[in-house]
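The structure under discussion appears below in the form of structure tokens.
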Amino acid sequence: MSKGRLIVLTGPSGVGKGTLLRSLIQRHEDLYLSVSVTTRSPRPGEVDGKNYYFVTRPQFERMVAQGEFLEWAEFAGNCYGTPRRTVEEKIREGKWVILEIELDGARQIRKSFPSALQIFIAPPSMVELETRIRGRGQDSETAIARRLERAWEEVDAAGEFDIQVVNDDLERALGEIEQALFEPAAVC
Ligand code: ADP
Ligand code: 5GP
């Protein structure tokens, strides 16, 4: 059995993390994408238990108090957290577990799982980022403004991550992520 591993994928909202991950999971069925818990309302088409576990704020607070999260953070007015038990079980089973989380959460994981590979997905430009968020057509003006404001802070922190991948061309960006995951670094 392979050795379990934790992989963190972070980047501003709208940069294309979900799009990249959908392709990655399709190509590598052995990767496990952790399903987070959130107090955000579902977007059209989002399914409870698949995209997120959607809970109320009191439910989320109870889960925090009971230590059920590996990490959690507040983002653009909503709370998001990674369920501890499932992730620990999958790693014990030898799975490669991917967390798609924002900056605060990635920083928490860096402390608790220093061996996790941390990947930052950067936009080609802030103008393109806004175009993508708007193009997705699923966020209110307030949500878009909050996400863009936060994006500057996240892009500033890109250097904290093990690798940075610019999601300009989707296939090229995917190739870079695959290389980081599956090809051992050359030894000179
Ligand atoms: P995130 O999960 O980071 O919030 P999404 O995966 O929802 O972002 O992508 C946001 C929008 O950008 C979607 O409409 C998606 O189709 C588009 N997108 C993603 N990657 C690219 C790319 N490389 N080039 C152009 N558009 C992209
Ligand atoms: P969205 O509302 O666009 O789905 O997600 C907003 C942000 O929350 C994204 O940057 C996403 O990566 C992040 N996020 C999703 N799940 C989690 C989680 O479990 N923990 C943390 N810290 N961030 C998360």
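The values are calculated or read from the model by the stated rules, or taken from the named source; none is laboratory data. Everything numeric here is computed off the predicted structure, so don't read it as measured data. Reconstructed Cβ throughout: ideal geometry from the backbone, glycine too, with neighbour counts over all protein chains shown. The protein model used for the area step is the full one, side chains on, heavy atoms only, and it has no ligands, DNA or RNA in it. Shrake-Rupley method; radii C 1.70, N 1.55, O 1.52, S 1.80 Å.
Before we move on, is I163 open to solvent by less than 40 Å² (accessible area, probe 1.4 Å), of a type outside the set (D, E) and out of contact with any His (no Cβ under 7 Å at 6 or more places or on another chain)?
Answer is no for this residue.
Return a yes/no flag: does region 6-21 have any residue that is in contact with a strand residue (DSSP E or B) (Cβ under 9 Å, 6 or more places away or on another chain) and more than 16 Å from ligand 1 (Cβ to nearest atom).
yes
Condition check: within 18 Å of the chain's Cα centre (by Cα), modelled with pLDDT of 95 or more and of a type in the set (D, E, K, R). Does E61 satisfy that?
no
Say we look at region 111-139 and pick out the residues that are among the basic types (K, R) and farther than 21 Å from W96 by Cβ; which of these is farthest from ligand 1 (Cβ to nearest atom)?
Looking at the filtered set, the residue picked out is R134.
Is it the case that region 50-58 has a residue that's within 22 Å of L117 (Cα to Cα) and away from ligand 1 (no atom under 16 Å from the Cβ)?
No: region 50-58 contains no residue that is within 22 Å of L117 (Cα to Cα) and away from ligand 1 (no atom under 16 Å from the Cβ).
Quick check on this structure: which one of Y80, Y53, Y32 is assigned to a strand (DSSP E or B), in contact with a Phe, Trp or Tyr (Cβ under 8 Å, 6 or more places away or on another chain), free of Cβ contacts under 8 Å to residues at least 60 places away in the same chain and among the hydroxyl-bearing types (S, T, Y)?
So the residue among Y80, Y53, Y32 that is assigned to a strand (DSSP E or B), in contact with a Phe, Trp or Tyr (Cβ under 8 Å, 6 or more places away or on another chain), free of Cβ contacts under 8 Å to residues at least 60 places away in the same chain and among the hydroxyl-bearing types (S, T, Y) is Y80.
Could you look through region 132-150, keep only residues that are within 13 Å of ligand 2 (Cβ to nearest atom) and basic (K, R), and pick out the one that is least open to solvent (accessible area, probe 1.4 Å)?
R147
Which members of region 104-131 meet the condition of being open to solvent by 60 Å² or more (accessible area, probe 1.4 Å) and either touching a Lys or Arg at 6+ places or on another chain (Cβ under 6 Å) or among the basic types (K, R) (or both)?
Once the filter is applied, which keeps residues that are open to solvent by 60 Å² or more (accessible area, probe 1.4 Å) and either touching a Lys or Arg at 6+ places or on another chain (Cβ under 6 Å) or among the basic types (K, R) (or both), region 104-131 yields R107, R110, K111.
In region 1-45, which residues are closer than 17 Å to P83 by Cβ and over 15 Å from the mean Cα position of the chain (by Cα)?
Those that are closer than 17 Å to P83 by Cβ and over 15 Å from the mean Cα position of the chain (by Cα): G4, T39, R40.
Might you check whether a residue that is within 14 Å of the chain's Cα centre (by Cα), farther than 23 Å from P42 by Cα and polar (S, T, N, Q) occurs anywhere in region 68-85?
Within region 68-85, not a single residue is within 14 Å of the chain's Cα centre (by Cα), farther than 23 Å from P42 by Cα and polar (S, T, N, Q).
Within region 87-103, is even one residue open to solvent by less than 20 Å² (accessible area, probe 1.4 Å) and without any contact (Cβ under 8 Å) to a residue 40 or more places away in the chain?
No: region 87-103 contains no residue that is open to solvent by less than 20 Å² (accessible area, probe 1.4 Å) and without any contact (Cβ under 8 Å) to a residue 40 or more places away in the chain.
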